[in-house]
1. Can you work out the Karplus-derived ³J(HN,Hα) for every residue in region 221-238? Use 6.51 cos²θ - 1.76 cosθ + 1.60 with θ = phi - 60°, whole Hz, and x for glycine or proline.
2. Charges only on Cβ, +1 for Lys and Arg, -1 for Asp and Glu: so what's the dipole of the chain about the Cα centre, in debye to the nearest 20?
3. Compute the relative contact order of the chain as a whole-number percentage, counting only Cα pairs closer than 8 Å that sit 6 or more residues apart in sequence.
4. Can you classify region 81-215 as rounded, prolate or oblate using the Cα gyration tensor, where a ≥ b ≥ c are the square roots of its eigenvalues, rounded means a/c under 1.5, and otherwise it's prolate if a/b beats b/c and oblate if not?
5. Could you work out how far helix 18-31 tilts from the main Cα principal axis of the chain, as a 0 to 90 degree angle to the nearest 10?
6. Determine, for each peptide in 233-244, 69-80, the mean count of other beta carbons within 10 angstrom over its residues, then list the peptides with the highest first.
7. Fewest to most neighbouring Cβ within 10 Å: what's the order for Thr198, Thr182?
8. Treat the count of other C-beta atoms within 10 Å as a stand-in for reagent exposure and order Thr49, Thr206, Thr108 from fewest to most.
Amino acid sequence: MIKAAVAPAARVLLACGVVLCGLRLAAHSEQAAEPLAVSEAAAGAFMHTEALALMTRANGGGIANIGFVVGNDAVAVIDTGGSVREGRRLLAAVRARTDKPIRYIISTHAHPDHIFGHAAFENEGAEFVGHRNLPRALTMRGQFYLDAYRRSMGQEIMADVKIIPPTRLIDGTGNLDLGARTLTLQAWPTAHTDNDLTVLDEHSGTLFAGDLVVAQHVPVLDGSILGWLKVMDKLALMQPKRILPGHGPIIDNWQDALAQQRRYLERLTRDVRSLISRGAPISAAARSAGEAEKDRWSLFEEYNARNATAAFAELEWE
Ligand SMILES: [Zn+2]
């Protein structure tokens with residue numbers, strides 16, 4: 001990474017005069033981000049997958065899968081990663097493939113690992129697109145996210161990160177035209193969060209699922225467990241050819257991925273309901289609900305107790 005950034009800078013140094021050098025180097029370093037590695041899952045549909053992890057100083061917030069789609073006239077970016085540094089590398093990956101304008105920056109939901117890179121695209125003249133509930137989520141949580149991740153990831157990584165509210169909202173379904181290539185956006189009822197948005201590239205049958213569907217990474221409940229199960233009934237009717245989950249490897253067996261996620265969410269629901277019916281406290285749910293799923297998911301220890309607590313709070317009022 002350092003080698004690639006230094007070599008062109010050294011060329012600038014040799015080519016420029018003394019006075020302009022500092023300025024030109026500063027401008028250059030802005031643009032010199034190493035392109036993120038992306039795979040072209042289908043012609044014009046690009047995906048970047050990350051390791052399953054929590055956001056840390058070491059990984060610079062890079063844990064979510066992100067991507068972009070190139071049409072005849074324009075580009076849409078789907079999520080921008082967990083830091084502006086990662087966003088700049090995504091921008092570099094786009095620019096390594098096309099000089100068409102980036103017309104849309106789409107947020108699949110409000111979580112920081114998906115939106116902290118947005119500021120890297122601020123000067124592209126793009127519209128920022130999100131679920132109709134996204135502005136509320138950003139208002140309620142945005143400052144908390146910034147403060148929390150300044151503490152955990154450090155000021156340097158967080159320096160340029162800011163919350164950018166959407167300029168175009170999706171209620172129900174909406175289409176974005178990239179030039180002979182249409183993206184169909186679906187704003188879902190409350191499931192993983194209350195602002196989940198999926199993006200289907202109709203041309204290639206590629207679905208960017210956000211965290212509504214994850215693979216290997218334990219599902220994270222920040223919305224409604226019963227709502228999520230209902231949304232999954234509808235997702236099962238879709239027939240995408242390939243799917244980029246919010247976390248985990250690219251999915252080619254859609255029904256299998258949904259079945260695994262359903263098994264976890266149903267197990268958690270059953271366990272929590274059983275504890276509630278026996279009068280057990282919420283702390284018991286955090287300790288034991290969903291434990292049978294423990295060995296099937298990455299980051300189970302990190303998220304399951306929280307999921308069980310959220311499910312308990314939802315289900316105790318049934
Ligand atoms: Zn999420």
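1. Each residue of region 221-238 in turn: 9, 9, x, 8, 5, 6, x, 5, 4, 5, 4, 5, 4, 6, 4, 5, 7, 6 Hz.
2. Numbers: 33 positive and 36 negative charges, 81 e Å.
Result for the chain is approximately 380 debye, rounded to the nearest 20.
3. Numbers: 655 pairs, mean separation 42.1, N = 318.
Relative contact order of the chain: 13 percent.
4. oblate
5. 30
6. Details: 233-244: 16.2, 69-80: 23.7.
Answer by packing, highest mean first, reads 69-80, 233-244.
7. Values: Thr198 26, Thr182 14.
Ranked by crowding around the Cβ, least crowded first: Thr182, Thr198.
8. Values: Thr49 20, Thr206 25, Thr108 30.
The order, fewest Cβ neighbours first, is Thr49, Thr206, Thr108.
Read-outs: derived from the displayed coordinates by stated rules, not from any lab. Only a predicted model underlies this, so the values are computations on that prediction, with no experimental measurement involved. Backbone-built Cβ (ideal geometry, glycine too); neighbour counts: all protein chains shown.
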